[in-house]
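The values are calculated or read from the model by the stated rules, or taken from the named source; none is laboratory data. These numbers were taken from a predicted model, which means no experiment stands behind them. Heads up, the Cβs are rebuilt from the backbone with ideal geometry, glycines too, and the neighbour counts pull from every protein chain shown. Heads up: the accessible areas ignore ligands, DNA and RNA and are worked out on the full protein's heavy atoms, side chains in. Shrake-Rupley method; radii C 1.70, N 1.55, O 1.52, S 1.80 Å.
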Amino acid sequence: DMTLDWYVDVFTTYDHVFGLEVYNQGDRYSDDRLLWDSILTATLPGRPVWAYSNDDMHRESHIGRNWNMLILPELSHAQVRHGMENGLSYFVYAPEGHDGPAAPIIDEIHVDQDGGTIRITARNTEHILWISEGSQIHEGNEISLNQVYGVGKYIRAELHGADNSIAATQAFIIK
């Protein structure tokens, strides 16, 4: 295992390294989200690090539990690359894969910078948790950053659905 300082050095030294797997082969390394939070806390606001969920398939039973949803104006190689490099995505973990209950789907994220609020509209979601610098600071589909204690350098949302499925946003940088 590498140290936090090693990860921070890699992300701050190499611009072409832009993301980290936070779900792998299901949820093989459950501390990966804590590592991501630690990296974000150390590198933001200057250097975002995007999160990804990947099957890392070594056998057929590993496929279909982890994926990423890219938010793109069109489907092309250039847009996919741009989306991945700039965090235009959210990631999903569904323990039972596509054969299980539908995982959360984000329909809309509305950010009101002047009012300091973020609102998420989603389907297949039982509850939404808001996390900043590794701690849960709020629950609900909307957060008012000026009224919630514990908002740090960033905030991110985890949408929890049936059978422990999760969809989660990239970090929103707080300036």
Residues of segment 85-110 being touching a strand residue (DSSP E or B) at 6+ places or on another chain (Cβ under 7 Å) and surrounded by 13 or more Cβ atoms within 10 Å (Cβ to Cβ), which ones? 87, 88, 89, 90, 91, 92, 93, 103, 104, 105, 106, 109
Pairs needed: first member in segment 108-123, outside any strand (DSSP E or B); second member anywhere, not small (Gly, Ala, Ser); C-beta distance under 7 Å; at least 6 residues apart or different chains. 116/145; 116/146
Selection status of residue 76, without any contact (Cβ under 8 Å) to a residue 60 or more places away in the chain, within 25 Å of residue 31 (Cβ to Cβ) and among the small types (Gly, Ala, Ser): no
If you go through segment 148-159, how many residues are open to solvent by 10 Å² or more (accessible area, probe 1.4 Å) and either closer than 21 Å to residue 50 by Cβ or out of contact with any Ser or Thr (no Cβ under 9 Å at 6 or more places or on another chain) (or both)? 5
Selection from segment 11-53 of residues that are polar (S, T, N, Q), more than 13 Å from residue 171 (Cβ to Cβ) and open to solvent by less than 50 Å² (accessible area, probe 1.4 Å): 24, 25, 53
Mind listing whichever residues of segment 124-147 are of a type in the set (A, V, I, L, M, F, W, C), part of a strand (DSSP E or B) and open to solvent by 30 Å² or more (accessible area, probe 1.4 Å)? 137
